[in-house]
1. Within the stretch 2-40, how many residues are outside any helix (DSSP H, G or I) and on the phi < 0 side of the Ramachandran plot?
2. Identify the residue in the stretch 79-94 that is surrounded by 15 or more Cβ atoms within 10 Å (Cβ to Cβ) and more than 20 Å from the chain's Cα centre (by Cα) and, among all such residues, is modelled with the lowest pLDDT.
3. Show me the helices (runs of 4 or more DSSP H) entirely contained within the stretch 105-202 in which 1 or more residues are over 25 Å from residue 14 (Cα atoms) and at pLDDT below 95.
4. When you go through (1) closer than 20 Å to residue 34 by Cβ; (2) within 18 Å of the chain's Cα centre (by Cα) one by one for residue 156, which number turns out not to apply?
5. Taking the stretch 79-104, which residues are without any contact (Cβ under 8 Å) to a residue 24 or more places away in the chain and in a loop (DSSP other than H, G, I, E, B)?
6. Do we find that residue 143 is under 14 Å from the mean Cα position of the chain (by Cα) and closer than 19 Å to residue 57 by Cα in this structure?
7. Among 76, 67, 108, which is surrounded by 13 or more Cβ atoms within 10 Å (Cβ to Cβ) and within 30 Å of residue 136 (Cβ to Cβ)?
8. Using the structure shown, decide if residue 63 is outside the structural domain of residue 148 (by TED's automatic domain parsing), touching a strand residue (DSSP E or B) at 6+ places or on another chain (Cβ under 9 Å) and not in a loop (DSSP other than H, G, I, E, B).
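The values are calculated or read from the model by the stated rules, or taken from the named source; none is laboratory data. In this text the structure is predicted, and so the values were computed from the model without any measurement. Methodologically, a virtual Cβ is constructed for each residue, glycine included, from the backbone with ideal geometry; neighbour enumeration extends over all protein chains shown.
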């Protein structure tokens, strides 16, 4: 089944009892409100959980310019697809969040500043949450969460009813809990091990 931004928006409008739209550019109140909200709500929902369907991996290209102080190298965060949130860092010998990520100088092995990663590592690979704009790549759970969140954010502007806002917010909380559980139980279970710091104490 083909999905689109408009179909997600219409799912949200159905939650609050509003009429469907044909396009986000049409001259209707619902379209104007949703057009204003969609991108910011989508990025917020994407960033708040490591959705499996949005996870991507990349090896970063080192910049020729270097940080003013503190670190030897800097790397731009991925832009294709755009990186919303770093989940894992790997420099070939250790990996965040499993290893003790404090370097020899007492600084974190890497930091995110602006749209760059600063580090003393000459190699950087990332696992990250990406801004995927094609709804056909979204899981059913993510679509339900996104629609419910849009409904919550747009409810008062479109309907003027606080009770509708509360209904939408309750549905959003329910859908988020359900979708996160399903998302977290996909694939093999990750076995958590003690960090270097914890092991050094025993």
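1. Residues in the stretch 2-40 being outside any helix (DSSP H, G or I) and on the phi < 0 side of the Ramachandran plot: 15 in total.
2. 94
3. In the stretch 105-202, 162-184, 196-199 are the helices (runs of 4 or more DSSP H) which contain 1 or more residues that are over 25 Å from residue 14 (Cα atoms) and at pLDDT below 95.
4. (2)
5. Listed by number, the residues that qualify are 80, 93, 94, 97, 101, 103, 104.
6. Judged against the criteria, residue 143 is not a match.
7. Result of the check over 76, 67, 108: 76.
8. Judged against the criteria, residue 63 is not a match.
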